[in-house]
Structures are given as C-alpha cells and as structure tokens.
Amino acid sequence: MKQRSIKIQNLSFFMMLAIVWTHSRLPRWEIVPDYFQQLLIFNEIGEDAVAPFFLITGFLFFRNFHINKYSEKLKTRFRSLVIPYLLWNALGALAWFLVISSTGNQYVSDRFYFDSWTEVIGNILGCKYTVLWYVGVIIVYALAAPVFYYLARSLRTAVIAVIIFLIIGIAFHHPFASPLVWMSIYMMGALLGVHYNDYLFKPQPLWITFLALVAFPVSVWLSHQYDSMLCVNLRAWTSVFFYIGLYDLLDKVFHFAPHRIYRYSFFLYATHYIPVHVLQRYVIANMGNTVGCWIAYLLIPPLVVFLCVSVAYFLDEKVHRLYAILSGDR
C-alpha cells in the first residue's frame, strides 16, 4: 500500500468506530434510568464523524479526475456502491424479519415493518432496515459527478459553489440523509481533489486543527441550544476538520502504522447496527437493572466491533470473492 493511502484507510476506520459508538442508544424503557438519555450527546459527537467521509469521498473521486473517465468511474462505483447497497439492505431486511419472527418486538424497536412486499422493497431501496443511507447519497453524487466536476474546475467557481450549497443546506429543512445536507462538504472535497490533490495525504495545518478543536465543541453546544439547520451545518463543517486534525495530532504521538483490520471499515459499517441494537436490548431485558444498562451502553459496542471485524477477517481470508462482493472491494 502506498504511504499516502495509509492515512485515508486508518482515518476511515477510526471514524467508523465513532459511528458505531453513535448507535449505542438505549431504548426508552422504564428500567433504563433517565440520565442515559442525557448521555446521548456523547453518541451524537460520534455521529458527526459522518461528515468527514463526505469530504474524503469527494476528494478521492475527483482527484486526478477527467470527464473522459466518467463512464469508467460509474462502472467501478456500480461494483463498489450499488451492488453492496442492494445486498446489505436486503440482508438487513432479512435479519430484522428473522429476529422479529423469532422473538417478537422484545429486542427490536417498533419501526421495522413487513406488511407487504411493496413496502419491503421500498424500505430496502430507501435504507429503512440499515444505516447505509450514506452510500445512497454517494450514489446520487456519483451520478451527478459531471456537475461537481465542472463547478470544481475553476477555483473561484468551486468556492462559490461550496457557499451556495451551504446556503441551500441551511435554508431548507430536510431529512438527515438528504443529499442537500452534505452537498457543500462533498463539493469542498471535489475542490480539494482538483486543486489541492495532496491535501488529505499530508497533516492538516495546525491553525485549522486548533480552530476546529474549539469550534466543534461550541457548535455541538449550539446545536443543543438552538435546533436549526444553521447549527446542523456548522456542526458538520467543524466536525470535518476536527476529526481529521485530531487524527493528525494523535498520529504525531502514536505513529499509526497500517494494519489489515483498517481495511474493514465498510464491512463494519454495514454489519454493526443490527447486533448493537439487538444485543443491547437483550442485555437490558434480561438483567433488568442499572448495571445491565451500563454494560449495554459501554461494552456491547466494542464487543460488536470485535465480532464484525472478526467476521470480515474470516471472509476475507477464507471466502474472499464473497467478501469482495459484499464490501465492494475491487
């Protein structure tokens, strides 16, 4: 592996751990103390690790990109995005159906429905059974790549486009998974990929890192004080440079080396949510006390990471072709 790609792979895995953490959300049951709901702010900080993925994806897509490569890029994205997207969403629907049919709703929230084939197919396409909405948004961006590319060719136009997309994101209320939320950050990735194509391979400038270390906590606090799209977008933007800068600072101390498990971030993303969800409810329902809640909240997520990464390692080692299809690994 080239040295420059090590940072992207390591950074992606560490951010994926934050995304796993964000799904450690305990149900609103009587046996769960109220203060666990107040702890959700720590989980939401992990949720903000989504934003850097959009910048990284835009950066990698448009780095050394030319419009003549568009059809080739679409073919590779079909294998790396569309096929895993459909497979994992279908597997997610099957997993929830099996859990519900065997245990009822004891270990499952009440938002998963299987009333008709039409509903099931619609929910599969819309990521109702998984958390792969990010992949769905990236598919939309890949289809719109010529627009992002022509906007990014001129640095001035690219900057204006980032600002306009940011204003659009602030002005319109829309679901979290909407392409409008993340368009400005993805456009910033395209700008960096076209004009500063080594930006993510080098340490982020320290002044940006230190600014983000202050601005990100402030934006988190503001988003809890004022529920507005301005705060949502401010938080997303500051989280981009917070996570990248934090990785760079820690890398100076620990000198992160490449490791095989860092390749499994997408597999972890696709597999973690169901076991976290079900195992947490299983522990709480069967222990029925505060200790069980703490075990579910703190220990289940790292346990699930270990299990999912172990499965990825086994498939990669023993059934590599299947692993390659599921992970979109070309």
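A few comments on the model shown:
- Residue satisfying condition, being open to solvent by 20 Å² or more (accessible area, probe 1.4 Å) and farther than 25 Å from residue 106 by Cα, within set 267, 254: 254
Residue-by-condition table, conditions (1) of a type in the set (A, V, I, L, M); (2) open to solvent by less than 60 Å² (accessible area, probe 1.4 Å); (3) under 19 Å from residue 54 (Cβ atoms):
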residue	(1), (2), (3)
155	yes, no, no
176	no, no, yes
187	yes, yes, yes
208	yes, yes, yes
222	yes, yes, no
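- Being at pLDDT 90 or above and aromatic (Phe, Trp, Tyr) is a description that applies to residue 97.
- Residues satisfying the stated conditions in segment 224-240, i.e. open to solvent by 50 Å² or more (accessible area, probe 1.4 Å), touching a residue at least 60 places away in the same chain (Cβ under 8 Å) and of a type outside the set (A, V, I, L, M, F, W, C): 224
- Of all residues in segment 11-36 being of a type in the set (A, V, I, L, M) and not in a helix (DSSP H, G or I), the one that is surrounded by the fewest Cβ atoms within 10 Å (Cβ to Cβ): 31
- Segments classed as helices (runs of 4 or more DSSP H), wholly inside segment 241-312, with at least 3 members that are farther than 24 Å from residue 132 by Cα and either over 18 Å from the mean Cα position of the chain (by Cα) or in contact (Cβ under 8 Å) with a residue 40 or more places away in the chain (or both): 273-287, 290-298
The values are calculated or read from the model by the stated rules, or taken from the named source; none is laboratory data. As the structure is a prediction and not an experimental result, all values here were calculated from the model. All Cβ positions, glycine included, derive from the backbone under ideal geometry; neighbour counts span all protein chains shown. Quick note on the areas: whole protein, heavy atoms, side chains included, nothing else; ligands and nucleic acids left out. Shrake-Rupley method; radii C 1.70, N 1.55, O 1.52, S 1.80 Å.
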